[in-house]
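Working notes, structure below.
The values are calculated or read from the model by the stated rules, or taken from the named source; none is laboratory data. In this text, all values refer to a predicted model and were calculated from it rather than measured experimentally. FYI the Cβ positions are ideal-geometry reconstructions off the backbone, even for glycines, and counts take in every protein chain you see.
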Amino acid sequence: MMLSANAPDADIVTIARGPLAYFEAHRGYTHAIVAVPVMALLCVLLVAAFTRSLRGWKTAWALCIVGVASHLLLDWTNTYGVRFLLPFSSGWFHLDLNGLGDLWIWGVLILAWVGPYFARMVSSEMGAPAGSGRALAWIALSFFAIYDFGRELAHQRAIEMLNSRVYQGGPPIRVAAFPASSANPFEWSGWIERPEFVKRFAMNVRQDFDPTAGSTIHKADPSPAIEAARTAKSVQVMLNFAQYPLWQVSAALEPAGAMEVDLRDWRFPFTASATVDSMNQVLSSSFHY
């Protein structure tokens, strides 16, 4: 079950083909719903190869299905998201409740892990029977459910605050709220989009919200350079991932008249770049973190 709970991240093997290949494959087919029983069965067969026994494999398979499903569930709650419906749809599903490394979740997991070891040490000193640690496991699972329910309420509050304001004379055409990097569960990173610009805010759902604060980035005007950059492999992969895309166009250092087109997503420091010449031909492209 421990193997199966980590099995979907086996897509890390694609890193051998470079960062772009891993970026394209990550949280893809190994994270799809149709792959859950297959990934679970692979874990059963792996353990069977070491133990040289298939005894109880049906029960083990059922437990491993739960393990793989738990991985998909947790990935769904965070900002990165998961592609549940591959190969039928490449759409991303993300609840934006937790960051990729939530300090509260990590803290409770560590306590539930090391707690039984300390309890056994104390019990051995006192001569009392050691506990199984099952109570701590139930406490941890209950905490996750309550914590994410509270995060959902806070997330909805952040969305309502962003939607209820006007920005430079007009309402937003799109809003989003992402978990902040701090340990405060009431702090969020707000994002709004207007036809000409996007703004990002550091916000706390328990405090007043100032729509005039935050950082503003003006959108790049549509151009032949952007249209040409869309044909580059790295940009196409980034477009398949980006839920909140931001284009930026600047003059390239060389050759003369060339433009540098960058595409990134507001949520993460991933950037796909393409150098386009004066004839709107892609000279080179790259992807970097």
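Quick notes on this one:
- Residue 159 vs. criteria surrounded by 16 or more Cβ atoms within 10 Å (Cβ to Cβ), among the aliphatic types (A, V, I, L, M) and closer than 26 Å to residue 74 by Cα: yes
- Test: residue in region 120-140 that is modelled with pLDDT under 95 and under 30 Å from residue 204 (Cα atoms): yes
- Where a residue in region 225-248 is free of Cβ contacts under 8 Å to residues at least 12 places away in the same chain and in the same structural domain as residue 272 (by TED's automatic domain parsing) and its partner, wherever it lies, is buried (at least 20 other Cβ atoms within 10 Å of the Cβ) and small (Gly, Ala, Ser), with Cβ under 9 Å and at least six apart: 230/274; 236/272
- Answer residue from region 162-179, given it is among the small types (Gly, Ala, Ser) and touching a residue at least 60 places away in the same chain (Cβ under 8 Å) and is surrounded by the most Cβ atoms within 10 Å (Cβ to Cβ) among those: 177
- Among the residues of region 179-202, those that are under 18 Å from residue 268 (Cα atoms) and more than 19 Å from the chain's Cα centre (by Cα) comprise 192, 193, 198, 199, 201, 202.
- Considering only residues in region 63-116 that are touching a Phe, Trp or Tyr at 6+ places or on another chain (Cβ under 8 Å) and in a helix (DSSP H, G or I), the one that is surrounded by the fewest Cβ atoms within 10 Å (Cβ to Cβ) turns out to be 104.
- Region 14-41 residues that are over 17 Å from residue 238 (Cβ atoms), paired with ones that are hydroxyl-bearing (Ser, Thr, Tyr) and crowded, with 20+ Cβ neighbours inside 10 Å (beta carbon under 7 Å, 6 or more apart): 39/4; 39/30; 40/4
- Of all residues in region 221-251, none satisfies the criterion of being in contact with a Pro (Cβ under 8 Å, 6 or more places away or on another chain) and either basic (Lys, Arg) or farther than 12 Å from residue 270 by Cα (or both).
- Selected residue (only one of 3, 54 is free of Cβ contacts under 8 Å to residues at least 24 places away in the same chain and either part of a loop (DSSP other than H, G, I, E, B) or not small (Gly, Ala, Ser) (or both)): 54
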